[in-house]
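Everything below concerns the one structure shown next.
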Amino acid sequence: PEMAARLSENRLVSLPLSRIRVIMKSSPEVSSINQDALFLTAKATELFVQYLASYSYRHGRGKEKNALTYTDLSHTAEECETFQFLADILPKKILASKYLKMLEKEKRDGEVGEGDEEEEEEDKAKA
């Protein structure tokens, strides 16, 4: 009966439980993982990803193209308070040239963020 219960549990979750277990065990505080905790963590993760995707689709430009884009996800992480903790994981895309300019400016000034107004006006003038 226990084996049958596990098989039916696995069908309720799309994410691979073995990978979830590896991720959970990567934490130094975790010594063993209860099967129920593993299943619930996997299911909660799956539901969270579905919620993030559907929210991003509804509030992004995906509806226009009938597609979910990375830009939709990064915009959600930046604008929606619920998802702001993902902003580092889903950063806004920027051009490599702009990133290199930021690095150069950081080397010169010692800090990113100073003088951004000048660069924005230069970008507007080029456009």
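A few remarks follow.
- Filter pass, residue 72 being in a helix (DSSP H, G or I) and either touching a strand residue (DSSP E or B) at 6+ places or on another chain (Cβ under 8 Å) or open to solvent by 70 Å² or more (accessible area, probe 1.4 Å) (or both): no
- No other residue among 44, 67 is in a helix (DSSP H, G or I) and either within 24 Å of residue 16 (Cα to Cα) or open to solvent by less than 60 Å² (accessible area, probe 1.4 Å) (or both) apart from 44.
- Residue within segment 2-13 that is modelled with pLDDT of 85 or more and open to solvent by less than 70 Å² (accessible area, probe 1.4 Å) present: yes
- The set of residues in segment 52-70 that are within 11 Å of the chain's Cα centre (by Cα) and of a type outside the set (Gly, Ala, Ser) comprises 52, 70.
- Test: residue in segment 24-36 that is out of contact with any helix residue (DSSP H, G or I) (no Cβ under 6 Å at 6 or more places or on another chain), under 23 Å from residue 89 (Cα atoms) and either part of a helix (DSSP H, G or I) or modelled with pLDDT under 90 (or both): yes
- Within segment 70-91, the set of residues being over 22 Å from residue 45 (Cβ atoms) and of a type in the set (Ser, Thr, Tyr) comprises just one member, 71.
- Figure legend. Inter-residue proximity from segment 55-76: first residues in contact (Cβ under 8 Å) with a residue 24 or more places away in the chain, second residues of a type in the set (Gly, Ala, Ser) and open to solvent by less than 100 Å² (accessible area, probe 1.4 Å), beta-carbon distance below 9 Å, spacing 6+ or different chains. Indicated pairs: 76/56; 76/60.
The values are calculated or read from the model by the stated rules, or taken from the named source; none is laboratory data. In this text the structure is predicted, and so the values were computed from the model without any measurement. Cβ sites come from the backbone with ideal geometry, for glycine too, and all protein chains shown count toward neighbours. For accessibility, only protein heavy atoms count, side chains too; no ligands or nucleic acids. Shrake-Rupley method; radii C 1.70, N 1.55, O 1.52, S 1.80 Å.
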